[in-house]
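The values are calculated or read from the model by the stated rules, or taken from the named source; none is laboratory data. As the structure is a computational prediction, the values presented were derived from the model and not from experiment. Methodologically, a virtual Cβ is constructed for each residue, glycine included, from the backbone with ideal geometry; neighbour enumeration extends over all protein chains shown.
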Amino acid sequence: MPDEPITVFVKLDYWEIYRANVALLFRMFRISLAVLALVLVVRVAIFVTAPSQETPLNDGIFLFGCLLLVAFGSGPLLTSRRAVNDDRVRKGMTYRFSNAGVHIESAVARADVQWEAFRCAITTRSLMLLLTNKTGSGAQVLPTRCFASESDLAAVRQLVDSKLPKVKLRLY
């Protein structure tokens, strides 16, 4: 654990916001999306292996499933565009991690958040998300590129792991 606080300045770009939205979306709807994808794959496999006069485009269930997948895919695109145009996101935020908690500072607000306020963390290759609730509406997005060094990133991951012991830090 770090003896002195680790400071990270975060200025999110469009694709980082998009990846965070996708990670949260799949976290919330992972079972529903897996079932939907499985149904669509089975339907396409049936069509390919046993062609009939009807195409999958004539099948209402197949079209509805495709529409849902497009909606799930385009939702993060639209919300990311809206978020990246927000002045608060453009100005960036500073995070300071310590044993006591996380100090968050933006152009409009300051907050000292204790570790108990975070419910879980999600890590990907390029992002670390700290969630204050299970739905992800209070997610703090931390791109790994914003850390000054690999040792700072490792120290923050170790700190998160020690302060949130029930959290599985996943890489996906």
For the stretch 131-144, give me each residue that is in a strand (DSSP E or B) and farther than 19 Å from Gly92 by Cβ.
Leu131
For the stretch 17-130, which strands (runs of 3 or more DSSP E) that fit wholly inside it have 1 or more residues that are of a type in the set (Lys, Arg) and under 19 Å from Cys146 (Cβ atoms)?
93-97, 110-114
Failed condition for Leu67, given (1) of a type in the set (A, V, I, L, M); (2) within 29 Å of Leu40 (Cβ to Cβ); (3) touching a helix residue (DSSP H, G or I) at 6+ places or on another chain (Cβ under 8 Å); (4) free of Cβ contacts under 8 Å to residues at least 60 places away in the same chain:
(3)
Quick one: would you say Ala155 is over 20 Å from Trp15 (Cβ atoms) and either at pLDDT 90 or above or buried (at least 17 other Cβ atoms within 10 Å of the Cβ) (or both)?
yes
For the list (1) modelled with pLDDT of 85 or more; (2) touching a strand residue (DSSP E or B) at 6+ places or on another chain (Cβ under 9 Å), I need the number of the one condition that Thr124 fails.
(1)
Mind checking which residues of the stretch 100-126 are within 11 Å of the chain's Cα centre (by Cα) and surrounded by fewer than 19 Cβ atoms within 10 Å (Cβ to Cβ)?
Thr124, Ser126
